[in-house]
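The values are calculated or read from the model by the stated rules, or taken from the named source; none is laboratory data. Quick caveat: nothing in here was measured; it's all calculated off a predicted structure. All Cβ positions, glycine included, derive from the backbone under ideal geometry; neighbour counts span all protein chains shown.
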Amino acid sequence: MGRALRGAAAASLALLLLAGTGSSYASWSDASAVDGTSVRSGALRSDLEAASVSIHRGDTVLPTTTPLLPGDAIVVETTVRLTVGGVAGQLVLDAGATADAIAAQGVMLDAPTIAVTGPTGSTSGATWRGPVTAAEDGALVTATINLPISEALAPTAQGSTIDLSTTPITWDLTQEDAR
């Protein structure tokens with residue numbers, strides 16, 4: 001190996017050793033804290049405020065102990081208070097399981113209807129969906145679910161008891177994916 005090549009190799013090795021220590025011979029340094037920083041998560045919650053069930057026979061409201069007749073309607077009214085902070089979400093009211101349980105008892109239903117006071121949304125069958133934003137924070141959302149008993153009430157439904165607590169109507173509030 002030539003003298004120049006050995007000299008270059010020795011200089012490279014010396015430079016590598018000096019650079020690899022990760023420190024310097026400087027005797028001064030400084031550090032600063034970053035003040036006032038915080039990270040906050042969003043909030044998304046629905047709290048049940050009220051719920052009631054009644055039987056409607058024409059314009060007359062009857063207690064749930066009233067035997068059902070063809071043309072009656074089971075009416076469920078429910079209200080939730082929304083907490084929406086820093087996130088957007090989707091509020092869904094699902095009465096499908098309840099309608100299915102009523103039908104399983106032989107009580108035929110006509111098409112359920114859902115009327116919602118609060119955010120705008122759309123109904124499909126026994127399900128209502130609507131978007132929620134920070135504008136709905138603290139808002140009360142009330143739904144009236146009308147489950148009409150068909151005029152073609154099956155004879156097998158006579159004497160049946162429908163326990164709505166085993167198939168509740170549910171509100172579901174989920175965060176929308178912001179990605």
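Could you list all residues from region 34-70 that are assigned to a loop (DSSP other than H, G, I, E, B) and modelled with pLDDT of 90 or more?
58, 59, 63
Select, from 165, 160, 124, the only residue that is small (Gly, Ala, Ser) and under 21 Å from residue 50 (Cβ atoms).
165
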Residue by residue through region 44-63, note down the ones that are among the polar types (S, T, N, Q) and free of Cβ contacts under 8 Å to residues at least 60 places away in the same chain. 52, 54, 60
Strands (runs of 3 or more DSSP E) (entirely within region 88-154) containing at least 2 residues that are surrounded by 14 or more Cβ atoms within 10 Å (Cβ to Cβ): 89-94, 113-117, 127-132, 140-148
Hey, residue 78 at pLDDT 75 or above, in a loop (DSSP other than H, G, I, E, B), of a type outside the set (Gly, Ala, Ser) and surrounded by 10 or more Cβ atoms within 10 Å (Cβ to Cβ) or not: no
Would you mind stating whether residue 116 is farther than 18 Å from residue 171 by Cβ and out of contact with any Cys (no Cβ under 8 Å at 6 or more places or on another chain)? no
